[in-house]
Amino acid sequence: DTAVSQTPKYLVTQMGNDKSIKCEQNLGHDTMYWYKQDSKKFLKIMFSYNNKELIINETVPNRFSPKSPDKAHLNLHINSLELGDSAVYFCASRQGNTDTQYFGPGTRLTVL
Amino acid sequence: DQQVKQNSPSLSVQEGRISILNCDYTNSMFDYFLWYKKYPAEGPTFLISISSIKDKNEDGRFTVFLNKSAKHLSLHIVPSQPGDSAVYFCAASAEYSSASKIIFGSGTRLSIRP
């Protein structure tokens with residue numbers, strides 16, 4: 001009964017490849033997020049969608065494209081992967097007017 | 001530009017004693033503060049929060065204190081237990097056009113020793 005799930009958990013790929021990370025939440029939340037945890041362990045927001053609409057888009061290279069087919073899913077597609085993209089990516093969701101976000105287990109991306 | 005700072009990367013506390021984790025912030029627009037706990041290979045899990053209209057919130061062994069004038073908050077865990085060993089993230093949010101954008105600190109690794 002995982003509330004926020006991500007696949008895959010680990011992803012190892014070569015520079016220049018295109019890859020996707022999937023996120024699903026079964027909490028019925030309206031808003032979903034993608035965060036990147038870099039080598040210094042900072043959790044930085046990348047994108048947020050509310051009911052399939054993009055509402056937060058931080059300064060992220062346009063090689064990163066979020067896609068929300070429905071409000072329970074927010075996938076992250078990354079084109080032309082670079083070494084600096086190596087990090088742990090966390091998906092999260094939030095309901096309505098609460099501030100508490102619920103996180104997925106993370107996807108560790110390693111670009112070789 | 002770190003808006004939320006956790007200046008202690010690690011903290012070691014004896015089991016049964018009080019653990020105090022500190023956090024400072026710079027943005028006076030923040031109106032909601034949260035603490036998350038993270039175990040290795042797992043996502044952060046929500047622990048406790050406090051609104052800027054309060055100065056204290058308590059939940060069992062966990063208490064969060066907010067000092068708005070100092071832009072400082074702290075998490076107290078008492079008594080500390082071995083299962084409390086984890087990384088603790090302080091986070092803050094302010095409403096931006098219907099979105100809730102959380103800014104995280106860099107985390108403090110708490111180790112509870114027997």
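Contact order, relative form, for chain A: 37 percent (alpha carbon pairs under 8 Å, 6 or more residues apart, mean separation divided by residue count). Taking each of A:LYS36/A:LYS67; A:LYS41/B:LYS38; A:LYS40/B:LYS101; A:LYS44/B:LYS71 in turn, the alpha-carbon distance tops 18 angstrom for A:LYS40/B:LYS101; A:LYS44/B:LYS71.
Contact residues in region A:64-95 by the 10 Å² criterion (accessible area, 1.4 Å probe, full protein complex versus chain alone): A:PHE90, A:ARG94.
The residues of region A:4-111 have, on average, 47 Å² of accessible surface per residue, using a 1.4 Å probe with all protein chains present.
Contact residues in region B:39-73 by the 30 Å² criterion (accessible area, 1.4 Å probe, full protein complex versus chain alone): B:ALA41, B:GLY43, B:PRO44, B:PHE46. The relative contact order of chain B, computed from alpha carbon pairs under 8 Å that lie at least 6 residues apart in sequence, is 36 percent.
When peptides A:8-16, A:74-82, A:49-57 are sorted by average Cβ neighbour count within 10 Å, with the highest value leading, the order is A:74-82, A:49-57, A:8-16.
Computed with a 1.4 Å probe over protein heavy atoms only, the accessible area of B:ILE20 comes to about 70 Å². DSSP bridge analysis restricted to chain B gives an antiparallel fraction near 90%, rounded to the nearest 5. Taking the 1.4 Å solvent-accessible surface of chain B as the whole, the part contributed by carbon and sulfur is 49%. Only protein heavy atoms count here, probed at 1.4 Å, and on that basis chains A and B bury about 1700 Å² of accessible area in total. Accessible area per residue was computed with a 1.4 Å probe on protein heavy atoms; A:HIS29 scores about 20 Å². Taken per residue, the accessible surface of chain B reaches 48 Å², heavy atoms only and a 1.4 Å probe.
With the biggest extent put first, the Cα atoms of region A:4-111 measure 39, 24, 24 Å across the principal axes. For the protein assembly as shown, the percent of C-alpha pairs falling in each 10 Å distance bin, counted from 0 to the bin holding the largest distance, reads 8, 33, 35, 20, 5, 0.
Figure note: B:LYS71, A:LYS41 ranked by solvent-accessible area, largest first, 1.4 Å probe, ligands and nucleic acids not counted: A:LYS41, B:LYS71.
The values are calculated or read from the model by the stated rules, or taken from the named source; none is laboratory data. Everything quoted here is computed from the prediction, not taken from an experiment. Heads up, the Cβs are rebuilt from the backbone with ideal geometry, glycines too, and the neighbour counts pull from every protein chain shown. Only protein heavy atoms, including side chains, enter the accessible area calculation; ligands, DNA and RNA are left aside. Shrake-Rupley method; radii C 1.70, N 1.55, O 1.52, S 1.80 Å.
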